[in-house]
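The values are calculated or read from the model by the stated rules, or taken from the named source; none is laboratory data. No experiment lies behind these values; they were computed from the predicted model shown. Cβ coordinates were reconstructed from backbone atoms using ideal geometry, including for glycine residues, and neighbour counts include every protein chain displayed. Areas reflect the complete protein model, heavy atoms only, side chains present, ligands, DNA and RNA absent. Shrake-Rupley method; radii C 1.70, N 1.55, O 1.52, S 1.80 Å.
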Amino acid sequence: MIKTPKLLMIPGPTPVVRSIQDQMARETVAFGDAGFIADFKGLVLDLKAMWRCDGEAFVVAGTGTMAMEMAVANVTKCGENILICSHGFFGDRFIDICTRKGLKTDVLKAAWGTVYTPEQIDAELSKKKYSAITVTHVDTATGVIAPIKAIGDMLKKRHPDVLFIVDAVAAAGGAESWMDWGIDVLFSCSQKAFGVAPGLAILWASKRAVEKRKSLGTIPESYFDFERWIPIMNDPSKYWGTPAINMIWALKEGVRLIKEEGLEERYERHVRQAAIFVSAMEALGFKTAASKDNRAPTLSIFFYPEGSGIDDAAFRAKLAEEGVQSAGCLAEYAGKGFRLGHMGNIDKHVLVGTIASVERACVKCGYKVELGKGLGVLQAGLVGE
Ligand SMILES: Cc1ncc(COP(=O)(O)O)c(C=O)c1O
């Protein structure tokens, strides 16, 4: 029998389309190659313009976690107060990063499946002088989205001196945010809504964040230092660390595809397709961890229907056999459901294939859904796309 190819539906890495794969397969050139320098420079300028950044954009080899450390390292110093707003596993990750750096951390935690309000953040920030706050735009463990624009508006009005650090790892390119919403450092990485393979961290720093970095003098971190990378980002013919040449080409193609689609249109597509996709899963009896008003457009946590008798590990193994790679839930959600990404360069075939595979996996695991029930809902939604 012909083997069913596996759709990569975990919440990152996401499917990498052929034209991006082709860039990774190109013959590598010297980092001093004139064509590569022009490509790299163009990519950085595009990222700056597209995300409305008045400061600097960075593309550096590394993961999302490295971007988290790079963000914190460049705009805070040991002994300062930082407020970590966490609504999940990845929000909590800032606690370790900030504590190791010698920052005085306070944590505003939202119960999993919920998110804090700007008013709650305002109340915390009013208690003492903070240098910065961190907010996770979409927490990949809960599928909940934070109200970035409303938080930015609140900060502008109520705490204009507090720097706003946003983890957009599972958001940028799939869930809307712009630097001019009052964000000081925004970061993501290649393998999520950009639809590129893992390997690159992408950061944007406001003018104010760049000034804060300058005011810190020499910082303990070397590889992460904005001051080391700014000259390279403005003139990639200079050297600091070897650029990930083929990955930079791949990201450039990813950004070209985003420009072709239009960033705003892409954000709207993610919202529409997520709603259709979730409705199809709901028709099969699955429920999202996030409530309707705080659901991320980029990924979802689907709890197994009560009484379905589905065993998590067996279901996900069956789903993989049926052609869809999914992710298990983390920490307090472990075993209760599974995670599916629906971000990046996802087309109608991918969505149809995913729901069809979920239906077959349910039936094969003994949960007797009506075949075609989820697909019908999905198809009805996709007709309008
Ligand atoms: C919101 C968020 N932040 C940070 C990270 C860490 O990124 P990485 O695994 O690339 O280090 C992830 C990873 O999934 C994430 O979803």
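A few comments on the model shown:
- Positions within segment 56-88 being more than 19 Å from the chain's Cα centre (by Cα) and either within 16 Å of the ligand (Cβ to nearest atom) or not polar (S, T, N, Q) (or both), in sequence order: E56, A73, V75, K77, C78, G79, E80, I82, L83
- Screening D33 with (1) within 16 Å of the ligand (Cβ to nearest atom); (2) open to solvent by 50 Å² or more (accessible area, probe 1.4 Å) gives one miss only, at (1).
- Residue check for G254: part of a helix (DSSP H, G or I) and small (G, A, S): yes
- Flag for A150 being crowded, with 24+ Cβ neighbours inside 10 Å and touching a residue at least 12 places away in the same chain (Cβ under 8 Å): no
- The numbered conditions (1) open to solvent by 30 Å² or more (accessible area, probe 1.4 Å); (2) assigned to a helix (DSSP H, G or I); (3) among the β-branched types (V, I, T) are all true for V44 except (1).
- Filter result for C53 (within 16 Å of the ligand (Cβ to nearest atom) and on the phi < 0 side of the Ramachandran plot): no
- Criterion: open to solvent by 60 Å² or more (accessible area, probe 1.4 Å) and in a loop (DSSP other than H, G, I, E, B) - qualifying residue of T99, T28: T28
- Condition check for E56: surrounded by 15 or more Cβ atoms within 10 Å (Cβ to Cβ), among the acidic types (D, E), modelled with pLDDT of 95 or more and within 16 Å of V166 (Cα to Cα): yes
- Candidates P243, P198 - the one that is away from the ligand (no atom under 16 Å from the Cβ) and either over 14 Å from the mean Cα position of the chain (by Cα) or open to solvent by 10 Å² or more (accessible area, probe 1.4 Å) (or both): P243
- For segment 292-336, the set of residues classified as exposed (fewer than 15 other Cβ atoms within 10 Å of the Cβ), of a type in the set (K, R) and over 29 Å from S177 (Cα atoms) consists of K336 only.
- Residue match in segment 299-314 (condition: aliphatic (A, V, I, L, M), over 20 Å from A193 (Cβ atoms) and in a helix (DSSP H, G or I)): yes
- Answer residue from segment 338-383, given it is part of a loop (DSSP other than H, G, I, E, B) and without any contact (Cβ under 8 Å) to a residue 24 or more places away in the chain and is farthest from K287 (Cα to Cα) among those: D347
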